[in-house]
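To keep things clear, I will list the structure first and then write my remarks on it.
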Amino acid sequence: MLKQRIITALILAPAAASAIFYLPINYFAGLLMAIIAIGAWEWARFMGLVNSIQRVGYTLVTTVLIGLLWFLLPVDKTWLVISGVQHEITFILSLSIIWWLFAALLMFSYPKLNTFWANNKFIVAIFGWLTLVPTWLAFMVLRTNNYTIDEFQGAQLLMYLFMLVWSADVGAYFVGKSIGKTKLMPKVSPGKTVEGFLGGVVCAAILTVIVGVLLEWSNDDFITALLVTLLITSISVLGDLTESMFKRQAGIKDSGTILPGHGGILDRIDSLTATAPVFALCYMLLA
């Protein structure tokens with residue numbers, strides 16, 4: 001299993017980096033929409049949908065929602081030179097933050113509060129849209145930042161987010177496997193430990209320090225970046241655990257089988273669905 005995970009990761013990482021840096025904006029937006037569509041197909045299982053037509057229906061609705069965002073808020077106008085990010089985008093990302101706060105409440109109280117949503121397909125469908133649609137938007141906000149002046153600045157931002165999440169995942173996995181004893185959320189995900197979480201935070205902090213040294217950040221920049229790193233790594237665990245909660249409730253181990261050793265698309269992007277909107281808002285407020 002570990003060998004499969006490593007091989008898949010070695011293929012996915014360069015592919016993701018190439019797409020982030022070298023795909024034209026609209027092609028990148030389309031690729032990201034396709035990835036989110038696969039995530040929606042997998043999310044339909046959390047709703048208890050086993051019929052392919054029903055799952056396709058949920059996937060199409062999710063894709064249409066993203067398409068409407070793309071039409072109403074064109075990606076080449078995501079950032080406005082004078083006023084910054086459009087107010088509508090800020091509202092949607094803020095709504096996403098509210099959802100993740102609510103998701104944290106559901107997770108920490110699981111399974112006490114699951115009675116009102118567990119058997120209601122429409123509520124779980126809304127949870128899916130609140131998870132997936134803002135993810136697409138947050139990625140585009142980051143990727144298009146300052147695009148007309150420097151086409152790679154947004155790519156660097158997005159890649160930094162990926163590296164934060166990946167380093168936290170790697171640190172949590174190996175530290176948790178080697179010395180993890182104290183269960184983090186046993187009712188949601190018995191395999192995750194406090195030691196693994198702390199290991200992920202340390203690895204992400206080390207990455208931030210390395211980046212800061214290379215870019216010659218000031219002391220204030222270091223402090224801000226480390227605080228954001230702590231926030232992002234904590235939120236990434238929330239995304240991971242929230243997906244675990246939905247999988248546990250649906251009685252499934254992995255969201256899909258498309259990625260050998262990793263499961264489905266949602267199993268790979270669960271942390272990013274939570275961190276991308278938060279990271280985008282942090283950047284908008286602090287930049």
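Summary table below
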{"read-out": "Test: residue in the stretch 251-260 that is at pLDDT below 90 and polar (S, T, N, Q)", "value": "yes"}
{"read-out": "Residue selected from the stretch 36-50 under the condition hydrophobic (A, V, I, L, M, F, W, C) and more than 15 Å from GLU243 (Cβ to Cβ), by the criterion nearest to the chain's Cα centre (by Cα)", "value": "ALA37"}
{"read-out": "Selection within the stretch 88-114 - farther than 30 Å from PHE71 by Cα and not aliphatic (A, V, I, L, M)", "value": "PHE108, SER109, TYR110, PRO111, LYS112, ASN114"}
{"read-out": "Flag if ALA205 is over 13 Å from the mean Cα position of the chain (by Cα), over 20 Å from ARG268 (Cβ atoms) and crowded, with 17+ Cβ neighbours inside 10 Å", "value": "yes"}
{"read-out": "Residue count for the stretch 134-156, restricted to those that are surrounded by fewer than 21 Cβ atoms within 10 Å (Cβ to Cβ) and either under 28 Å from LEU60 (Cα atoms) or not aromatic (Phe, Trp, Tyr) (or both)", "value": "7"}
{"read-out": "Selection status of SER96, at pLDDT 85 or above, hydroxyl-bearing (Ser, Thr, Tyr) and either touching a Pro at 6+ places or on another chain (Cβ under 7 Å) or not in a helix (DSSP H, G or I) (or both)", "value": "yes"}
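The values are calculated or read from the model by the stated rules, or taken from the named source; none is laboratory data. This is a predicted model, so every value here is computed, not measured. Every residue, glycine as well, gets a Cβ built from its backbone with ideal geometry; the counts of neighbours run over all protein chains shown.
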